[in-house]
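Engineer: Structure in structure tokens, see below.
The values are calculated or read from the model by the stated rules, or taken from the named source; none is laboratory data. What you are looking at is a predicted structure, and each value in this text was computed from that prediction instead of being measured. Here the Cβ positions follow ideal geometry from the backbone for every residue, glycine too, while neighbour counts run over all protein chains shown.
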Amino acid sequence: MPMNTSSIEHNLSTNNHAIASMYQQDDAIISFDSPYSLKDLGLGESNSDVGPEQFIDQQIFNIRLVNSEKKREKASLLVNKKYSWRGYSVDERVKTDPNRITLIAETEGNVVGTLTLCLDDKDTKLPADENFGDKLENLRLQRRRISEPSRLAIDDNAPKRVLAALLHIAYIYAHNIHGCTSWVAEVNPRHSRFYKRMLGFQEVEKERTCTRVCAPAVLLTLDLAYMAEQIKKLGGLMEKHGEERSYYPYFFSSDDELGITDRLKAGES
């Protein structure tokens with residue numbers, strides 16, 4: 001299933017409030033504070049086109065691993081809601097699979113974001129193999145260890161940090177824990193600009209039909225070594241990012257990443 005940017009494109013507002021703290025809460029992988037914005041920028045708009053941002057109270061967001069039926073149900077509901085709104089044919093549920101790592105972002109018991117990281121396996125392979133199998137085989141022949149972030153859905157009012165946190169935790173699982181070197185992603189052509197501009201993805205195959213959602217898709221890839229460089233350079237800067245337009249200032253810092261990686265490795269051992 002291609003990654004959905006219908007709601008992400010509404011979440012490019014500038015966060016003028018720095019995160020007060022970051023910590024673990026209950027069974028969360030990581031927890032952080034962030035305000036909800038009442039006015040969001042669409043993709044391609046500039047700050048000069050809108051008035052000052054308005055923020056309501058700080059919210060505590062938790063990134064958690066989906067490891068129960070209740071969490072799977074909540075993640076599935078958000079995916080179905082956001083994908084069906086765009087007219088995509090979606091009837092899948094988050095399933096238990098050792099090669100699928102599903103994350104949720106929640107606040108006050110409400111799931112506001114979800115992402116599933118699919119690890120490459122010779123038997124099940126990746127979702128993108130269904131429509132771009134020849135291109136993925138080329139990557140494997142180049143000895144790239146690939147994985148695929150999929151089933152991405154973000155609530156319209158969620159701040160930038162939610163998407164950045166989900167992507168960063170997925171990166172940690174893929175690169176730091178499972179040794180993946182590249183991400184692949186099926187993306188609607190209308191949304192490919194977001195992934196290229198904001199994260200550094202590159203297009204490797206032009207439009208084909210994604211049979212799972214009956215919609216057009218292009219195949220993108222991202223070198224995780226590039227992602228590592230951007231996180232080291234920009235991670236944790238938040239509103240102090242200057243002229244940087246990518247999402248990387250809203251990722252965690254390298255020090256935070258190290259602590260998260262250690263905890264996740266300890267949990268898997």
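Engineer: So for region 147-157 (the condition being surrounded by fewer than 22 Cβ atoms within 10 Å (Cβ to Cβ) and more than 16 Å from the chain's Cα centre (by Cα)), does at least one residue qualify?
Structural biologist: Checked region 147-157: no residue is surrounded by fewer than 22 Cβ atoms within 10 Å (Cβ to Cβ) and more than 16 Å from the chain's Cα centre (by Cα).
Engineer: Tell me which residues, restricted to region 108-146, are among the polar types (S, T, N, Q), within 24 Å of residue 75 (Cα to Cα) and surrounded by 18 or more Cβ atoms within 10 Å (Cβ to Cβ).
Structural biologist: Answer for region 108-146, where residues must be among the polar types (S, T, N, Q), within 24 Å of residue 75 (Cα to Cα) and surrounded by 18 or more Cβ atoms within 10 Å (Cβ to Cβ): 114, 116.
Engineer: Given the criteria buried (at least 17 other Cβ atoms within 10 Å of the Cβ) and either modelled with pLDDT under 85 or not in a loop (DSSP other than H, G, I, E, B) (or both), does residue 84 qualify?
Structural biologist: no
Engineer: Which residue pairs have Cβ atoms closer than 6 Å, lie 6 or more positions apart in sequence or on different chains, and pair a first residue in region 64-84 that is closer than 18 Å to residue 107 by Cβ with a second residue that is surrounded by fewer than 19 Cβ atoms within 10 Å (Cβ to Cβ)?
Structural biologist: That search, which allows pairs on different chains as well, returns 64/28; 66/72.
Engineer: While we're looking at this one, here's another question. Tell me, which residue of region 122-166 that is in a helix (DSSP H, G or I) and closer than 30 Å to residue 62 by Cα is modelled with the lowest pLDDT?
Structural biologist: Across region 122-166, the extreme among qualifying residues is 160.
Engineer: Which condition number in (1) of a type in the set (Gly, Ala, Ser); (2) touching a Cys at 6+ places or on another chain (Cβ under 9 Å); (3) outside any strand (DSSP E or B) is the one that residue 236 fails?
Structural biologist: The single condition residue 236 does not satisfy is (2).
Engineer: Go through region 203-233 and give me each residue that's assigned to a strand (DSSP E or B) and of a type in the set (Lys, Arg).
Structural biologist: Result: 206, 208.
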